1. For the chain, compute the orientation-averaged projected area of the C-alpha convex hull (one quarter of its surface), in nm².
2. If you place +1 on the Cβ of every Lys and Arg, -1 on the Cβ of every Asp and Glu, and leave all else neutral, what size is the dipole of the chain about its Cα centre, to the nearest 20 Debye?
3. Based on the Cβ-Cβ distance from VAL93 to ASN6, what FRET efficiency comes out when R0 is 41 Å, to the nearest 0.05?
4. May I ask you to list, by number, the DSSP H helices of the chain whose Cα span along the axis is at least 24 Å and whose average Kyte-Doolittle hydropathy reaches 0.0 or more?
5. Can you give me the pair-distance distribution of region 121-211, C-alpha pairs, 10 Å bins, whole percents?
6. What order do you get for THR95, THR183 when you list them from fewest to most C-beta neighbours inside 10 Å?
7. Do you know the relative contact order of region 1-112, to the nearest whole percent, from alpha carbon pairs under 8 angstrom that are 6+ apart?
8. Name the most mobile residue of LYS125, LYS151, LYS18, meaning the one with the largest mean-square fluctuation, in a Gaussian network model of the chain with Cα contacts below 10 Å.
Amino acid sequence: MLKIKNLHVEIDGKEILKGLTLEVPKGEVHAIMGPNGSGKSTLSYVVAGRDGYEVTKGSIEFMGKDITEMDPDERAALGLFLGFQYPVEIPGVTTTNFLKTAINAQRKARGEDDISPVDFLKLQKAKTEQLGIVPDMLKRGVNVGFSGGEKKRNEVLQLSMLDPKFAILDETDSGLDIDALKTVAEGVNAMRGSEKSFLVITHYQRLLDYIKPDVVHVLAHGKIQKTGGPELAHELEEKGYEEYINAA
């Protein structure tokens, strides 16, 4: 589903990704772990198409299409989703309006009609109940005044309602207590299936106790240094990243 080949990326002239190659097949959950500064968030932003990240070499393919030069909205319309480490606040735009606008924008890009108000409200009600989101949150500005846990729940609500083919979760566990972590993980796990894939980026094993990965990759020095099964995450939790930080 996602194929990244020999990807080199610079930010302000400094190379961050240095020949990264990664493939995530349809229906699988892959985890990326690594020390600070290894390029994890850069990878997520580049795949999503964020401005300011210059691809100097290599390619990104999604669903058989080269998306390396595509705009973020084009990638989203194809079925890509990025969950931010620090979700942004959008004052003056209610969560409900934001969700409805986002869904209809993607439907329009795919040549589909807008979702009907009745169908939208039914979908929103079902998803908010599943994630334990109180109706009051839907009337407030997007993430404005939300706690860390509320912001992450809101982002998983967006994920659930947009129903992408491929989701990147950039340190979704950041700032969450155990109860919020479980709620977020349950929302993600409810979406898992043979037609969807996930790339979960995290520092710690604890998130992977709830969102079980099929494959774990270690990212350091701008490249994938090691790939293994779920047991690799436990090994990293026990031994840390020193081996990879010190690697040439």
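1. Reported value for the Cα convex hull: 13.3 nm².
2. Dipole magnitude for the chain comes out near 420 debye.
3. 0.55
4. Sorted by number, there is nothing, because no helix extends far enough and scores high enough.
5. Calculated P(r), rounded to whole percents: 16, 52, 29, 3.
6. THR183, THR95
7. The value is 26 percent.
8. LYS125
Read the figures in this text as sums done on the coordinates, not as results from a lab. For clarity, every value in this text was computed on a predicted model and none was experimentally measured. Virtual Cβ from ideal backbone geometry, glycine too; neighbours counted across all protein chains shown.
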